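Shown next, in structure tokens, is the structure this report addresses.
The values are calculated or read from the model by the stated rules, or taken from the named source; none is laboratory data. What you are looking at is a predicted structure, and each value in this text was computed from that prediction instead of being measured. Glycine also receives a Cβ, built like all others from the backbone with ideal geometry; neighbour counts cover every protein chain displayed. Accessible surface is based on the protein model in full, side chains and every heavy atom, while ligands, DNA and RNA are left aside. Shrake-Rupley method; radii C 1.70, N 1.55, O 1.52, S 1.80 Å.
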Amino acid sequence: MIRIPRGTKDVLPTESYKWQQIEKIFREVSNLFGFQEIRTPTFESTELFLRGVGETTDIVSKEMYTFLDKGDRSITLKPEGTAGVARSFVENGLASSALPLKMYYITPVFRYEAPQAGRLREHHQFGVELFGSESPYADLEVILLAREIFKRFDISSVFLKINNIGCPSCRKKYNEILTEYLKKNTDKLCQTCNDRLYKNPLRILDCKIDSCEIVKADAPKIIDHLCPDCLKHHDFLIQLLDASNVEYVIDPYLVRGLDYYTGTVFEFVSSVIGSQGTVCGGGRYNNLITEVGGVNTPAVGFGMGIERLILLLEANGYKFVDDKKPIVYIATYNQSYYVYALQLVTLLRKEGVAVEIDVVGRSFKAQLKYANKKGFKFVLVVGENEVASNKFSLKNFETGEEFLLDKKDLAIFIKNQRI
Ligand code: ATP
Ligand code: MG
């Protein structure tokens, strides 16, 4: 038997309707906020991620699915959603459209990670990007959008963590102060963090290893070292969150795993889905567009992990309803009524009623057995009497009740059964 690659998952028909409902909510909420969908390729030139995401990040240095194609081009499967959108923004000259430009995407994401609950090698993200505003109003807008998604699902067990990691100039100074502090604690830092010390000290604050966390607890806070502009931005955003009744905690050590972040960073975290609790991560990336060759365009956005959102929904006991599955099975008494039954099926489908009919050539008895096993709510039999009278009996499998209906009343009756 050929097995599924490690760290990937099938979404079976018994689960896919949940995905469809989740995606429907993403689309609805995005549209309410004026975000439109963008679809970019599943793979891009490797260079895009080297420049966009950053060579010292875990994603680029360890986790990318990179290969040479048959034309010897270095290609990488998307390890995140934003860089591709930024590339498209530049390549399609979207900077000259009416700004801000607000876009959303739903995409598979590939990272070579150690698979565990909530951590896959192929996962999926819903994300939004707002290009062309450096105002805290834009930060607020994307935070409100993410929060609205959680509200739609009745999730109250997530909390918003927020921080500001400064612009390149104040971060440079902070990095020096942080490095000085960390240098005194190298014996307590893990090997990876020792390697990061001079390349990317900020990332040490994101290490989940206990001894590194202890070092972090006393580390200088970037918020105390922000330049006046960054501090003003941060304070204004906090005021806006307060005014909008958004609950949050300021986490002075929150950093994100991608180099492109500047200024505001945030996460929505849940404590009910184990250690992979970050369901949504985002922030501002004012330099990404220039990094990938465009004109200076400030941007803010987030990525939400769909598999983690599903874990969270399940932990919350969220009830998905499969309202697309047919509830009526049309059984034919014998084959001579099949063509007539098929006409009925076609008529009902035309009226928007989902129904199934035998496509195997089964006996009447076998059709009923199948319908029962599959869990149809009703069975409608087509036989001699029905064809002669144009009246049909619809039998409820669960209660045994029968309804005798005119052909013209069938569609309405079945539609009402869903409610
Ligand atoms: P983590 O710290 O958990 O590794 P991250 O900072 O790498 O997350 P992002 O790159 O910000 O995550 O991705 C946005 C969201 O996508 C995360 O908040 C998470 O919900 C989800 N996500 C990230 N990596 C994975 C993965 N390997 N499997 C499943 N979901 C993931
Ligand atoms: Mg990660």
Computed about the Cα centre, the charge dipole of segment 328-416 from +1 Lys/Arg and -1 Asp/Glu charges at the Cβ has a magnitude in debye, to the nearest 20, of 280 debye
Of K24/K70; K102/K208; K319/K374; K24/K365; K365/K407, which ones are farther than 31 Å apart at the Cα? K24/K70; K102/K208; K24/K365
Projected onto the charge dipole of the chain (+1 at Lys/Arg Cβ, -1 at Asp/Glu Cβ, origin at the Cα centre), which of L120, A411, L197 gives the Cα projection farthest towards the positive end? A411
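Take every Cα-Cα pair in the chain and report what % of them are more than 40 Å apart. Working shown, then result.
Details: 29474 of 87571 pairs.
So the portion of pairs separated by more than 40 Å is 34 percent.
Carbon and sulfur: what percent of segment 231-272's accessible surface (1.4 Å probe)? The partial results should precede the final answer.
Working: 920 of 1780 Å².
C and S atoms contribute 52 percent here.
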Partner aspartates and glutamates for K18 [C-alpha distance under 12 Å; skip if fewer than 8 residues away on the same chain]: E307, E314, D322, D323
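Could you report segment 1-83's accessible area per residue, 1.4 Å probe, as an integer in Å²? Mind showing how you got there, number by number?
Numbers: 5120 Å² over 83 residues.
Per-residue accessible area for segment 1-83 comes out at 62 Å².
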Roughly how many debye, to the nearest 20, is the charge dipole of the chain about its Cα centre, given +1 on each Lys and Arg Cβ, -1 on each Asp and Glu Cβ, and no other charges? 1020 debye
With a cut-off of at most 11 other beta carbons within 10 Å, and DSSP calling the residue loop, which GluC sites (Glu not before Pro) in segment 159-265 qualify? Please list them. E247
Using alpha-carbon pairs under 8 Å, 6+ residues apart, how would you state the relative contact order of segment 328-416 in percent? 31 percent
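Take the eigenvalues of the Cα gyration tensor for segment 266-354, scale each by 5, and report the square roots as semi-axes in whole Å, largest first. Don't skip to the answer; put the middle values down first.
Numbers: eigenvalues 511, 104, 15 Å².
One finds semi-axes of 51, 23, 9 Å for segment 266-354.
Roughly to the nearest percent, how much of the accessible area of segment 328-416 is carbon and sulfur, given a 1.4 Å probe?
Details: 2800 of 5280 Å².
Accessible surface attributable to carbon and sulfur in segment 328-416 totals 53 percent.
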Solvent-accessible area per residue for segment 258-356 (1.4 angstrom probe, square angstrom): 41 Å²
Per residue, what volume in Å³ does the Cα convex hull of segment 328-416 take up? 90 Å³
